Every structure is written in C-alpha cells, then in structure tokens.
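The values are calculated or read from the model by the stated rules, or taken from the named source; none is laboratory data. A quick note: this is a predicted structure, and the numbers were derived from the prediction, not measured. Don't worry about glycine lacking a Cβ; one is built from the backbone with ideal geometry, like all the others, and counts go over all protein chains shown.
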Amino acid sequence: METAVIGEMTQYLTFRLADEIYALDISKVREVLDVGSVTKVPRTPDFMRGVINLRGSVVPVADLRLRFGMSMTEKTVNTCVIITEISVNGEAVVLGVLADSVQEVIELYQNNITPPPRIGTQVRADFISGMASKDDRFLMILDIDKVFSSDGIALVRHGETQPGSERN
C-alpha cells in the first residue's frame, strides 16, 4: 500500500497583532522574551522602537504593528519580543519584533499554504509568503526577511540614517 506524499512539513510560531494571526518560520526564531526596557535610538525610522540588551548584545527592536501601518503596540501582560534572525544583504542580523501575544508553534504541510491575496490585508503582499487555515481562521505567514530588508534595518545596524528616512 502506497501513501501519498503531501509535501514537506514546517513549524511556525504564531502570534497576534491586533485581531490578526501571523506566523514566522520557526527556523527564523531564536527565542521569545517578555518586554523589558527598550532604549530609544534617535534618528531611526518610526517602526524601530529602540534597542535592548540581550545577554550583553545590543539588539534592535521593531514594532511590527507600526511597520504594517497599524497603531503602536501597547505594552500589556501578553506583549512580547520575538527574537529573530533575519538576512539583510546576505548577512545574518538579530532583530527583536514586538507582538501583542504569542499563540503557539504549529506544523503546516507546504501544500496547505496558499499564495497571499493581492488585496484585502493591511500588510503589503510582498511581506506575506503565504496563507494557511488554522481552527477556522486564516493566518498570514510572514517573510520576515522582506519585512525588514527593504528599508530601514540596514541603516539601524550601522547606527545612521539617510536624510528623510525617519518617517515611514
């Protein structure tokens, strides 16, 4: 008896921003932290909330809600920082992203992931690598590299900005 191959399975960390559920490939996630003290850095894009000290390393923290054109993330008991490792110009960069809450780690088969819609989301379509259904809700799978590689983050890594880049 042969079994059908249904594609490769990947694990995703799901988290909430406002009323939407998003997911990140678990291979991009290092850890999840409670929100502590974030030090604001002058002359950075609005979505960059500042930096944190992560065991002696300075890690920039971005507000995904601001990056996606939503209101600023409010600190609650559930607010957390997801420490990710993104690729910027082929170089690995550690970055913290604020989320309203972390949900769970799920497993999805690649053939259960559909292309993102061209319209109807607050998030730019090129930031979404796909969509999947979980518990009768859709979740958007983010391409975290594209979310931050297009602008802003490379400047923050070097501690400088170009004129006019403070606003996004």
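Can we say Asp46 is under 17 Å from Ile128 (Cα atoms) and modelled with pLDDT under 95?
Values: under 17 Å from Ile128 (Cα atoms): no; modelled with pLDDT under 95: yes.
In short, no.
The condition (being without any contact (Cβ under 8 Å) to a residue 60 or more places away in the chain, surrounded by fewer than 13 Cβ atoms within 10 Å (Cβ to Cβ) and farther than 21 Å from Ala125 by Cα) is satisfied by just one residue among Glu91, Glu107, Glu8: Glu91. Of all residues in the stretch 11-28, those satisfying the criterion of being at pLDDT 95 or above and hydrophobic (A, V, I, L, M, F, W, C) are Leu13, Phe15, Ala23, Leu24, Ile26.
Hey, among Glu31, Glu74, which residue is part of a strand (DSSP E or B), among the acidic types (Asp, Glu) and at pLDDT 90 or above? Give the steps one after another, and end with the answer.
On the way: Glu74 fails: part of a strand (DSSP E or B).
Every option except Glu31 fails the conditions.
From the residues in the stretch 130-151 that are of a type in the set (Asp, Glu) and more than 10 Å from the chain's Cα centre (by Cα), which one is nearest to Ile83 (Cα to Cα)? Applying the filter and picking the extreme gives Asp151.
For the stretch 45-71, which positions are in a loop (DSSP other than H, G, I, E, B) and over 20 Å from Val147 (Cβ atoms)? Give the derivation first.
We begin by selecting, within the stretch 45-71, every residue in a loop (DSSP other than H, G, I, E, B); these are 45-47, 55-56, 68-71.
Across the stretch 45-71, the qualifying residues are Arg55, Gly56.
Scan the stretch 32-81 for residues that are surrounded by fewer than 16 Cβ atoms within 10 Å (Cβ to Cβ) and of a type in the set (Lys, Arg) and jot them down. Across the stretch 32-81, the qualifying residues are Lys40, Arg43, Arg55, Lys75. Pro42 fulfils the conditions (1) touching a residue at least 24 places away in the same chain (Cβ under 8 Å); (2) part of a loop (DSSP other than H, G, I, E, B) except for a single criterion, (1).
Given the options Thr121, Thr161, name the one that is at pLDDT below 75 and either touching a Lys or Arg at 6+ places or on another chain (Cβ under 9 Å) or of a type in the set (A, V, I, L, M) (or both).
Values: Thr121 fails: either touching a Lys or Arg at 6+ places or on another chain (Cβ under 9 Å) or of a type in the set (A, V, I, L, M) (or both).
Just one listed residue meets the conditions, Thr161.
Restricting attention to the stretch 78-119, the residues that are closer than 18 Å to Asp25 by Cβ and outside any loop (DSSP other than H, G, I, E, B) add up to 28.
Tell me the residue from Gly96, Gly69, Gly36 that is out of contact with any helix residue (DSSP H, G or I) (no Cβ under 6 Å at 6 or more places or on another chain) and on the phi > 0 side of the Ramachandran plot, please. Before you say what the answer is, go through the steps one by one.
Values: Gly96 fails: on the phi > 0 side of the Ramachandran plot; Gly36 fails: on the phi > 0 side of the Ramachandran plot.
From the options Gly96, Gly69, Gly36, the qualifying one is Gly69.
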